[in-house]
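Input: a single structure, listed below in structure tokens.
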Amino acid sequence: MVAEPVVVFDETLRAMTADLLDTVRAAPGIGITAPHIGVLQRVVVLDLPGGLGPQTYINPEIVWRSDETARHEEGSISMPGVTEVVERPARVRVRYRDVDGHEMMEDADGLRAVCHQHEIDQLEGVFWTQRLSTLRRSRLMSRYEKIKKVEMG
């Protein structure tokens, strides 16, 4: 489902972003959206390795993509235990608001660019597995089903 834009920047939003950070760390993961916790709003929290610390993006949108592409291993806290290589633009520019509603812009490459595209796709109702060929998606789903069966005993 497509997430709705955030229009109210208040303590409820701040509390939700704190909950998202706790959830992504507990998963463990490096990125999460509000729809992951059942809230259909355009909120992303990234907690990437490398020292910048957690960052929150409200109403993020990609306003530029490079023609150059890069391949990265992707997965999801919604489907633990399976990953697959996805090809995406190597660099992006993201316009977003911070938790106080101030408009911001960020240029990203590498893992940060991958995460922006992955999480913004989810806000648009596109799950990362939809970026795979039918064959690769089918194989991934088979691997995931096997993992779930083992976990359930």
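The values are calculated or read from the model by the stated rules, or taken from the named source; none is laboratory data. Because the structure is predicted, anything quoted here is derived from the model rather than measured. Note that each Cβ is placed from the backbone with ideal geometry, even for glycine, and that neighbours are counted across all protein chains shown. Side chains included, ligands, DNA and RNA excluded: accessible areas come from the protein's heavy atoms. Shrake-Rupley method; radii C 1.70, N 1.55, O 1.52, S 1.80 Å.
For segment 116-137, the candidate set comprises residues that are open to solvent by 60 Å² or more (accessible area, probe 1.4 Å) and under 23 Å from Met1 (Cβ atoms); within that set, the residue that is nearest to the chain's Cα centre (by Cα) is Glu124. Looking only at residues in segment 49-70 that are out of contact with any helix residue (DSSP H, G or I) (no Cβ under 9 Å at 6 or more places or on another chain) and part of a loop (DSSP other than H, G, I, E, B), the one that is most open to solvent (accessible area, probe 1.4 Å) is Asp67. Residues satisfying the criterion are absent from segment 138-150 (criterion: open to solvent by 40 Å² or more (accessible area, probe 1.4 Å), touching a residue at least 24 places away in the same chain (Cβ under 8 Å) and within 27 Å of Val43 (Cβ to Cβ)). Just one of the listed residues (Val39, Val6, Val45) is open to solvent by less than 60 Å² (accessible area, probe 1.4 Å), farther than 30 Å from Ser138 by Cβ, in a strand (DSSP E or B) and hydrophobic (A, V, I, L, M, F, W, C), namely Val45. When segment 18-36 is filtered for residues that are in a helix (DSSP H, G or I), out of contact with any Asp or Glu (no Cβ under 9 Å at 6 or more places or on another chain) and surrounded by fewer than 18 Cβ atoms within 10 Å (Cβ to Cβ), the ones remaining, listed by number, are Ala18, Asp19, Asp22, Thr23, Ala26. Return the residue satisfying two criteria in turn: it lies in segment 75-113 and is of a type in the set (S, T, N, Q) and outside any strand (DSSP E or B), and of such residues it is least open to solvent (accessible area, probe 1.4 Å). The selected residue is Ser76.
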